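Take a look at the structure below.
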Amino acid sequence: MKNISLKLDDAIFRETEEILDRVKKPRNRYINEAIEFYNKVQRKQIIEEKLRIESGIVSTDSMSVLKDFEDIDYVS
């Protein structure tokens, strides 16, 4: 486990302490869970952005292929 020094805004610290009193959870565990949750949110946003970019790239290619198919003169 790594040790870090952390500076919190006073309001965030007070609110956290109040919550910790009610949920009876060690501060260290609470902060670890909060960071773990936030990391999951950030990873999801990174994946969504990557998919949005890749979807845009594929969309351009898909429209080009669709136009090629439309230009084909199908003979029965």
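All of the numbers you see were taken from the coordinates with simple rules; none came from a lab. On a predicted model such as this, the values are computed, not experimentally measured, just so you know. Backbone-built Cβ (ideal geometry, glycine too); neighbour counts: all protein chains shown.
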Exercise. What does the charge dipole of the chain about its Cα centre add up to, to the nearest 20 debye, if the Cβ of each Lys and Arg holds +1 and the Cβ of each Asp and Glu holds -1?
Worked result: 880 debye
Exercise. If one takes the longest principal axis of the Cα atoms in the chain, at what angle in degrees, from 0 to 90 and to the nearest 10, does the Cα axis of helix 10-23 lie?
Worked result: 80 degrees
Problem set entry | Helix-only CD estimate at 222 nm, as mean residue ellipticity for the chain, using -39500 (n - 2.57) per DSSP H run (n ≥ 4) | -28000 deg cm²/dmol
Exercise. What does the chain give for Rg and for Dmax, in Å, if only its C-alpha atoms count?
Worked result: 25.2, 78
Exercise. For the chain: lysine pairs with Cα atoms under 21 Å, gap of 8 or more or different chains, count?
Worked result: 4
